[in-house]
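The values are calculated or read from the model by the stated rules, or taken from the named source; none is laboratory data. As the structure is a prediction and not an experimental result, all values here were calculated from the model. Don't worry about glycine lacking a Cβ; one is built from the backbone with ideal geometry, like all the others, and counts go over all protein chains shown.
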């Protein structure tokens, strides 16, 4: 089963569960920021291009469902002239660290409201973390938030009503934690055939999801020749285990994960008519993020005793 396979692969990855269940995103930015987390920033220009293509095709402002939305940061960097990196530094300030979560939510509501909204879509979010969704909706990043674990439970009638008008379903990191079970329930609740944008770590297979989408009339395209950096490996153990997982799947990590960085593929699923009208390669231009300054990362180097792991500045 896909869930079992994803669980096995996740055993090779670092666990960050605690940062997603806090009342505000300060720990989220601190922990992931220390690992040069950048998928939010490198994905945003691509998401903007895809949403622009969707808006042009329908002449409407799309409704986006962000699966695994956590604190609504994808919506923040899309709607406002902000970046994950810039927000990380903001939340690291001692003045921000000193206030309560309630004060921070009031402060953040005013902070986001002060920026011009140049978003191309309306955002709703889905996550298993009630505190994260509560934050994202209270500060105004999400129009609505759904708290549910669709791997284990049915989509409630109220949540199905919220999902019904969705035009685009997106994920920048939850594939591996959610499977075709979640996406099947979401797709079955929509009144239209939505586009599905997925940034998927290369170690996770996507065939079962693509099959689920095909059964619902969606054609899946993978952007070839391009990957997107998610973050640095947390430690040597995660680095080595991830390379072993990739090798077992016959995926070559050379020049990518072997350089100490987790990489994701961009995968887009759409109705066949939309694919024919504008293939993925025609609507997306990419900068991968590999040129960004980052902290020391784990790499393999050759030694007299064979390859060893070291930190490279």
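Here is the figure for region 83-134: residues that are outside any loop (DSSP other than H, G, I, E, B), touching a strand residue (DSSP E or B) at 6+ places or on another chain (Cβ under 9 Å) and more than 23 Å from residue 50 (Cα to Cα) total 4. Each residue in region 247-259 was checked for being surrounded by fewer than 21 Cβ atoms within 10 Å (Cβ to Cβ), closer than 15 Å to residue 227 by Cα and either touching a helix residue (DSSP H, G or I) at 6+ places or on another chain (Cβ under 7 Å) or in contact (Cβ under 8 Å) with a residue 12 or more places away in the chain (or both), and 5 pass. The set of residues in region 260-274 that are closer than 30 Å to residue 55 by Cα and touching a residue at least 12 places away in the same chain (Cβ under 8 Å) comprises 263, 264, 265, 266, 267, 268, 269, 270, 271, 272, 274. When the residues of region 11-26 are filtered to those that are surrounded by 16 or more Cβ atoms within 10 Å (Cβ to Cβ) and part of a helix (DSSP H, G or I), the one that is modelled with the highest pLDDT is 26.
Without any contact (Cβ under 8 Å) to a residue 60 or more places away in the chain and under 25 Å from residue 152 (Cα atoms): is that true of residue 210 in this structure?
Numbers: without any contact (Cβ under 8 Å) to a residue 60 or more places away in the chain: yes; under 25 Å from residue 152 (Cα atoms): yes.
The answer is yes for residue 210.
The lone criterion from (1) touching a strand residue (DSSP E or B) at 6+ places or on another chain (Cβ under 8 Å); (2) in contact (Cβ under 8 Å) with a residue 60 or more places away in the chain; (3) closer than 19 Å to residue 250 by Cα left unmet by residue 198 is number (3). Would it be correct to say that residue 242 is in contact (Cβ under 8 Å) with a residue 60 or more places away in the chain, in contact with a helix residue (DSSP H, G or I) (Cβ under 9 Å, 6 or more places away or on another chain) and either farther than 15 Å from residue 13 by Cα or loosely packed, with under 13 Cβ neighbours inside 10 Å (or both)? For residue 242, the condition - in contact (Cβ under 8 Å) with a residue 60 or more places away in the chain, in contact with a helix residue (DSSP H, G or I) (Cβ under 9 Å, 6 or more places away or on another chain) and either farther than 15 Å from residue 13 by Cα or loosely packed, with under 13 Cβ neighbours inside 10 Å (or both) - is not met.
Checked against the criteria, residue 158 does not count as in contact with a strand residue (DSSP E or B) (Cβ under 8 Å, 6 or more places away or on another chain), under 18 Å from residue 69 (Cβ atoms) and surrounded by fewer than 17 Cβ atoms within 10 Å (Cβ to Cβ). Looking across 178, 139, 219, one residue alone is touching a residue at least 60 places away in the same chain (Cβ under 8 Å) and farther than 14 Å from residue 127 by Cα. It is 139. Would you point out the residue of region 177-196, among those that are part of a strand (DSSP E or B) and within 15 Å of the chain's Cα centre (by Cα), that is surrounded by the most Cβ atoms within 10 Å (Cβ to Cβ)? Among them, the one singled out is 196.
Given the residues 139, 133, which is the only one that is closer than 21 Å to residue 87 by Cα and either modelled with pLDDT under 95 or under 19 Å from the mean Cα position of the chain (by Cα) (or both)?
On the way: 139 fails: either modelled with pLDDT under 95 or under 19 Å from the mean Cα position of the chain (by Cα) (or both).
Of 139, 133, the one residue that is closer than 21 Å to residue 87 by Cα and either modelled with pLDDT under 95 or under 19 Å from the mean Cα position of the chain (by Cα) (or both) is 133.
Determine, yes or no, whether residue 61 is at pLDDT 95 or above and surrounded by fewer than 18 Cβ atoms within 10 Å (Cβ to Cβ).
On the way: at pLDDT 95 or above: yes; surrounded by fewer than 18 Cβ atoms within 10 Å (Cβ to Cβ): yes.
Criteria met by residue 61.
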